[in-house]
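Computed from the coordinates by the stated procedures, all read-outs in this text should not be read as laboratory data. Bear in mind that the values here come from a model prediction, so they are computed numbers and not experimental data. Here Cβ is always computed from backbone atoms with ideal geometry, including for glycine, and neighbour counts include all displayed protein chains.
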Amino acid sequence: MGNRPRRAYRLGAGPPRVHLRVKSDWSLKTLYDVIAKLPGTTEADEWVIRGNHHDAWVNGAQDPISGLVAELEEARALGSLYQQGWRPKRTIIYAAWDGEEPGLLGSTEWVEAHADELRTHAVAYLNSDTNSRGYLEVEGSHSLEKFINGVSMDVPDPESGVSSWKRVQASRILNGPPDARRDQLLADLAHLYGPAAAAPTGLSITDWATEPFTKGYLTHWAPGDLTAVGPLHGTHEPPFYVCGSDHWLAGYMEGAVRTGRAAAAAALGHAPADVGSNPNPVSSG
């Protein structure tokens, strides 16, 4: 790990003898599940259940509070809409489970106590545990896959400005095999410029802001967009044209790599156009 020297760890029979003393607290504790129900209207006998546990091993700032506060905000928002006259079609049940860390105790006991009702009424259960900065990740029944994909396409990612689905797609392409990255990039180019762009005479894909000549540039564009991006320093001339996700670049940098521009013009069979100054610079502020 890190710069630590590698050591071999071996388990199994050997000469040392170890005496291990375990002290456990087997006393009974009371668990508290918090359950709130928002009655439905036309399909009230169908229950949508939303849950997150509220107990923690220590203070629980990340697990479970980062997940529970999002659930509580959802409940607060629905309660506010309810007070304004909105009514859900299905009954919505919010649950904050206790005893999750020792063994999913609170939720298990509640389900066992209401097993007959759940068999009759429950149509979906949405569970969360923690939230963090990054990408949307949802696991569960394939019957909900289309629904979740639709929601993620409608919900914008707060950092990039594109949909949550599009940002996940860009991440998977970036970290996927080279062929997948190439195919997606060509598809983006073809979408922007027509089918001929999917068959370039040459193609170079570089990880943005990791290789020396790409460091120092802003990355405020969306996947699939074509945007002029200005440098943070004055060592290169803008514009720098990029296409693809926020970790891809495809195109050329006017001024900084004039040989590349000339080579592209020669390959296309015409003289390079005089682009001039950056038509759409991105502010470094």
Per residue of segment 196-202, in order, report the coupling 6.51 cos²θ - 1.76 cosθ + 1.60 (Karplus, θ = phi - 60°) as ³J(HN,Hα) in whole Hz, putting x for Gly and Pro.
-> 4, 6, 7, 10, x, 6, x
Starting from the Cα of Ile148, step 7 Å along the direction of its Cβ; do the same at Tyr135; then give the gap between the two resulting points in nm.
-> 1.4
Kindly write out, for segment 183-194 in residue order, the coupling ³J(HN,Hα) from the Karplus curve 6.51 cos²θ - 1.76 cosθ + 1.60 (θ = phi - 60°), rounded to whole Hz, with x marking Gly and Pro.
-> 4, 5, 5, 5, 5, 5, 5, 5, 5, 7, 10, x
Potential lengthening between Val22 and Gln83 on full extension [0.36 nm per residue; Cα-Cα distance subtracted] | 16.6 nm
Farthest positive-ward along segment 98-205 dipole, Cα basis, beta-carbon charges - from Val162, Gln184, Pro195 = Pro195
Calc'd 3J(HN,Hα), segment 37-45, phi into Karplus 6.51 cos²θ - 1.76 cosθ + 1.60 (θ = phi - 60°), Hz, glycine/Pro = x, comes to 10, 10, x, x, 10, 5, 10, 5, 7
Where labels lie 7 Å past Cα in the beta-carbon direction, separation of Arg182 and Leu104 in nm | 4.4
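With all pairs of different alpha carbon atoms counted, what Kirkwood hydrodynamic radius in Å does segment 48-138 show?
Values: mean 1/r = 0.0693 Å⁻¹.
This gives a value of 14.4 Å.
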Of the peptides 163-170, 26-33, 8-15, 123-130, how do they stack up when ordered by the mean number of other Cβ atoms within 10 Å, highest first?
-> 163-170, 123-130, 26-33, 8-15
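Given R₀ = 35 Å, FRET efficiency for Ala122-Ala61 by Cβ-Cβ distance, to 0.05? Provide the component values of the computation, followed by the final result.
Working: r = 31 Å, r/R0 = 0.89.
The formula returns an efficiency of 0.65 here.
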Fewest first, what order do His142, His121 take by the number of other Cβ atoms within 10 Å?
-> His142, His121
